[in-house]
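The values are calculated or read from the model by the stated rules, or taken from the named source; none is laboratory data. Computed from a predicted structure; not experimentally measured. Quick reminder, even Gly has a Cβ in these numbers, built from the backbone with ideal geometry, and neighbours come from all protein chains shown. Side chains included, ligands, DNA and RNA excluded: accessible areas come from the protein's heavy atoms. Shrake-Rupley method; radii C 1.70, N 1.55, O 1.52, S 1.80 Å.
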Amino acid sequence: GGENELGANIQLLACDGSSNQAFTIKDGGQNYHHYGEIYLDDAPNKCIDLEQNNRNRGADIQIYDCNGSTAQSWYFDNGTIRLTDNPGYCLDLYYGKTNNGNNIQLYTCDANDSQKWIYEKSTKLIR
């Protein structure tokens with residue numbers, strides 16, 4: 001965690017105000033509240049990405065060069081962050097655990113708290 005290097009795994013970490021925890025959501029022009037790439041503020045060429053474009057349950061989420069692919073296109077829907085081209089899959093906390101360092105993965109959307117996220121536009125934090 002805390003890295004913006006190519007392939008760095010996305011993990012849950014306590015908010016500490018560091019720049020590598022600030023994200024911007026690029027508006028893709030669709031009819032969703034937020035839609036498009038989610039990129040790091042301190043490295044705007046680095047996006048949240050499906051590792052190896054893996055779309056299976058439990059797939060890791062990583063930092064990767066922004067490339068406009070569907071592996072980097074997300075939208076917010078009622079507190080969930082969904083994969084745009086397969087909205088049945090959401091960003092999810094591994095086993096719902098909220099401890100520092102817990103993995104964030106792709107998982108079937110099931111409305112559990114482990115899939116609820118808030119984007120704070122003023123701080124640019126996703127929590």
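Quick check on the stretch 50-69. Is at least one of its residues under 17 Å from Thr24 (Cα atoms), aliphatic (A, V, I, L, M), modelled with pLDDT of 95 or more and open to solvent by less than 50 Å² (accessible area, probe 1.4 Å)? Within the stretch 50-69, one or more residues are under 17 Å from Thr24 (Cα atoms), aliphatic (A, V, I, L, M), modelled with pLDDT of 95 or more and open to solvent by less than 50 Å² (accessible area, probe 1.4 Å).
Figure legend. Inter-residue proximity from the stretch 101-115: first residues under 17 Å from Arg55 (Cβ atoms), second residues surrounded by 13 or more Cβ atoms within 10 Å (Cβ to Cβ) and among the acidic types (Asp, Glu), beta-carbon distance below 6 Å, spacing 6+ or different chains. Indicated pairs: Gln105/Asp92; Tyr107/Asp92; Gln115/Asp92.
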